[in-house]
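See structure below.
The values are calculated or read from the model by the stated rules, or taken from the named source; none is laboratory data. Only a predicted model underlies this, so the values are computations on that prediction, with no experimental measurement involved. Glycine gets a Cβ as well: all are built from the backbone with ideal geometry, and neighbour counts include every protein chain shown.
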Amino acid sequence: MAKSNPGNTNAKPGKGRNRKGTIKKSFREKFTELLELPKDLLLDRPKLTLIGCRDMMIENYKSVLEYGVGYMRVKTGSGIVRITGNNLVIREISHDDIIISGTVHSVEFTDAG
Amino acid sequence: MKFLLFRLWNYARGYVIIIVEGFFIEKFINICARRRILLWNVRIQKEHRVTARMSISGFRLIRPVARKTGCRVRLLKKTGLPFVFNKYRRRKAFFAGAVLFFILLNVLASFIWSIEISGNERLETAFIEDVLAGNGIKPGRLKYGIDTRATVDRMMLEIGRISWISINIRGTKVKVQIREREDIPEIVPRHIPCDVIAQRDGIVKQIIATEGIEAVAEGQTVKKGQVLISGRIPVKGSEEQYRHVHAMGTVKARTWYEAEVPVVFTETERLRTGRMIKDHSLILFSKKLDLIRRKNRFSEYTTEETRKKLTISEDLVFPFEWVVVTRYEVTSVQASIRETDAREKAAEEAYKEALELVPEGAEIIEENIYFAEEDGKLTARAILECVEDIGLSRRIGGN
């Protein structure tokens with residue numbers, strides 16, 4: 001489960017990172033891993049569900065940052081999720097969950113924290 | 001499935017389709033989500049312009065949101081039942097009618113309106129209906145509060161000749177299923193001495209006594225009631241004393257069953273002339289109302305009755321019935337039948353009648369059909385020869 005090397009190794013050591021550029025595990029993360037508790041609930045991590053390439057559900061999202069023609073950016077506890085695709089429609093949006101349908105081309109984590 | 005329910009629910013609740021325009025649409029969406037204003041089917045049309053659906057109550061709350069985010073909100077369409085109702089709000093009679101309809105439907109559906117009895121062969125339907133009525137199950141009764149289980153027990157005792165009964169209330173219909181009890185011959189207990197007597201007339205073909213003494217010989221003609229195997233065994237040495245046993249055994253005998261049917265050479269055929277009269281009547285709660293009733297102009301006619309019951313599905317029967325009685329004018333035409341056809345027909349009928357007399361368990365070994373002429377009248381006569389066990393246990397000294 002250790003998330004060493006999040007792809008971008010040249011990233012500057014910032015908040016929550018050590019000198020090698022890997023993410024430092026917080027106490028809470030270690031604690032939930034030790035007790036095998038669901039991370040999405042305790043660590044405010046999003047849960048992304050994709051059914052084929054047409055329906056996507058993001059639980060525990062924070063906010064919609066951008067919604068444009070063919071793309072969407074959603075802020076979550078694990079950074080910003082960028083979704084591109086055709087005819088992206090927000091099927092349902094509530095306090096915690098967002099259901100998106102359309103043809104999803106890519107799902108990307110940018111600025112993973 | 002989930003989406004279908006969701007859509008139905010939304011239709012029932014009513015919703016509006018809005019167009020949101022502005023530079024901060026995302027903000028608008030986020031604030032709506034945070035304030036628990038449910039949005040769905042948010043679709044982008046072009047940059048800075050989306051359409052979305054929201055509930056009526058939500059629509060009342062979005063004005064401050066729109067002002068805060070600088071978005072322009074336009075109402076595109078109103079959908080759902082509340083708007084439909086709103087349209088008809090002033091039509092009070094329409095609503096009263098709709099409400100009355102549902103009340104009446106429910107009231108009528110809580111009574112019993114028809115009884116269906118099946119499975120009875122010898123018991124008459126009317127008799128069973130009487131017993132049911134005595135136990136509180138009859139058309140017009142409230143279906144609630146009928147304890148079918150208790151009724152089943154009581155019916156079993158009251159009728160006595162049934163082996164099984166089930167009563168089900170389905171909609172406004174009571175379904176009664178009955179299995180009749182077979183008449184079992186009286187069995188003489190094993191320890192009681194008895195004779196084996198003849199059930200009917202016949203010629204003994206084979207007699208095997210497992211207990212008791214054979215009282216008749218093979219080939220002998222026996223009458224109904226005659227002792228075939230005797231349970232009285234004379235004690236050797238004394239003529240007056242007998243030992244009584246429970247006689248048992250099989251007595252196979254040849255028996256005959258016959259039936260006669262006269263041969264008819266003419267046949268009256270009733271032909272419809274094409275003229276008819278239709279009477280219409282309505283049955284409401286077992287009260288008959290004649291709607292159209294015309295005088296009968298025909299001297300000779302046949303009647304046909306068609307009944308149409310008002311039902312929803314099979315089980316929800318309502319106490320309304322439409323009865324059409326049609327009278328067709330007929331003329332009788334005498335037609336003669338060819339002799340061979342007439343003979344064949346009579347022979348067939350005679351055979352059928354004779355066949356009905358043959359009891360269960362009897363084996364037919366020969367079938368004969370004769371034609372006899374007497375006083376110029378021809379009759380067909382069917383004789384069926386059978387082999388069957390004619391033995392019947394009877395207590396010694398009893399009937």
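The set of residues in region B:26-49 being part of a strand (DSSP E or B) and either in contact with a Leu (Cβ under 7 Å, 6 or more places away or on another chain) or at the interface with chain A (Cβ under 7 Å from one of its Cβ atoms) (or both) consists of B:39, B:40, B:41, B:42, B:43, B:44, B:46. Scanning region B:295-323 for residues that are surrounded by 15 or more Cβ atoms within 10 Å (Cβ to Cβ), touching a residue at least 12 places away in the same chain (Cβ under 8 Å) and within 27 Å of the chain's Cα centre (by Cα) yields B:315, B:316, B:317, B:318, B:319, B:320, B:321, B:323.
Looking at A:7, A:113, A:85, which is the one that is modelled with pLDDT under 90, in contact with a strand residue (DSSP E or B) (Cβ under 7 Å, 6 or more places away or on another chain) and under 28 Å from residue B:26 (Cβ atoms)?
Sole residue among the options that is modelled with pLDDT under 90, in contact with a strand residue (DSSP E or B) (Cβ under 7 Å, 6 or more places away or on another chain) and under 28 Å from residue B:26 (Cβ atoms): A:113.
Among the residues of region B:34-44, which ones are closer than 24 Å to residue A:86 by Cβ, within 60 Å of the chain's Cα centre (by Cα) and of a type in the set (A, V, I, L, M)? Across region B:34-44, the qualifying residues are B:39, B:42. The lone criterion from (1) more than 30 Å from residue B:138 (Cα to Cα); (2) among the hydrophobic types (A, V, I, L, M, F, W, C); (3) at pLDDT below 85 left unmet by residue B:291 is number (1). Residue B:311: farther than 28 Å from residue B:380 by Cα and modelled with pLDDT of 80 or more, yes or no? Spelling it out, it is not the case that residue B:311 is farther than 28 Å from residue B:380 by Cα and modelled with pLDDT of 80 or more. Restricted to strands (runs of 3 or more DSSP E) entirely inside region A:43-110, those with at least 1 residues that are more than 18 Å from residue B:40 (Cβ to Cβ) are A:47-51, A:61-68, A:71-76, A:79-93, A:97-110.
Considering (1) crowded, with 18+ Cβ neighbours inside 10 Å; (2) part of a loop (DSSP other than H, G, I, E, B), the lone condition that residue B:251 does not fulfil carries the number (2).
A quick yes/no check of all residues on (1) closer than 22 Å to residue A:87 by Cα; (2) without any contact (Cβ under 8 Å) to a residue 24 or more places away in the chain; (3) touching a strand residue (DSSP E or B) at 6+ places or on another chain (Cβ under 6 Å):
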site: B:7; (1), (2), (3): yes, yes, no
site: B:15; (1), (2), (3): no, no, yes
site: B:23; (1), (2), (3): yes, no, no
site: B:31; (1), (2), (3): no, no, no
site: B:46; (1), (2), (3): yes, yes, no
site: B:49; (1), (2), (3): yes, no, yes
site: B:56; (1), (2), (3): no, no, no
site: B:84; (1), (2), (3): no, yes, no
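Might you let me know whether region B:91-108 holds any residue that is farther than 30 Å from residue B:56 by Cα, surrounded by 10 or more Cβ atoms within 10 Å (Cβ to Cβ) and touching a strand residue (DSSP E or B) at 6+ places or on another chain (Cβ under 8 Å)? Yes, because at least one residue in region B:91-108 is farther than 30 Å from residue B:56 by Cα, surrounded by 10 or more Cβ atoms within 10 Å (Cβ to Cβ) and touching a strand residue (DSSP E or B) at 6+ places or on another chain (Cβ under 8 Å).
Residues in region B:90-103: is at least one closer than 30 Å to residue B:167 by Cβ and not assigned by TED's automatic domain parsing to the domain that holds residue B:34? Yes, region B:90-103 contains at least one residue that is closer than 30 Å to residue B:167 by Cβ and not assigned by TED's automatic domain parsing to the domain that holds residue B:34. Take the conditions (1) away from chain A (no Cβ under 14 Å); (2) part of a loop (DSSP other than H, G, I, E, B); residue B:23 misses just one of them, which is (1). Within region B:88-130, the only residue that satisfies the criterion of being outside any helix (DSSP H, G or I), of a type in the set (Gly, Ala, Ser) and farther than 25 Å from residue B:142 by Cβ is B:119. Of all residues in region B:270-294, those satisfying the criterion of being touching a residue at least 12 places away in the same chain (Cβ under 8 Å) and either touching a Leu at 6+ places or on another chain (Cβ under 7 Å) or in a loop (DSSP other than H, G, I, E, B) (or both) are B:280, B:281, B:282, B:285, B:286, B:293, B:294. Taking region B:202-221 as the range and being part of a strand (DSSP E or B) and among the small types (Gly, Ala, Ser) as the test, the residues that pass are B:202, B:209.
Against the test of being at pLDDT 85 or above, in contact with a Phe, Trp or Tyr (Cβ under 8 Å, 6 or more places away or on another chain) and either closer than 27 Å to residue B:32 by Cα or more than 12 Å from every other protein chain (Cβ to nearest Cβ) (or both), the options A:58, A:98 yield a single qualifying residue, A:98. Residues that are touching a Pro at 6+ places or on another chain (Cβ under 9 Å) and polar (S, T, N, Q) were ranked within region A:65-94; the one that is nearest to the other protein chains (Cβ to nearest Cβ) is A:76. The single condition from (1) within 25 Å of residue B:361 (Cα to Cα); (2) in a loop (DSSP other than H, G, I, E, B) that residue B:195 fails is (2).
Of the residues making up region B:50-76, those that are over 24 Å from residue B:11 (Cα atoms), among the hydrophobic types (A, V, I, L, M, F, W, C) and either touching a Pro at 6+ places or on another chain (Cβ under 9 Å) or within 14 Å of another protein chain (Cβ to nearest Cβ) (or both) number 2.
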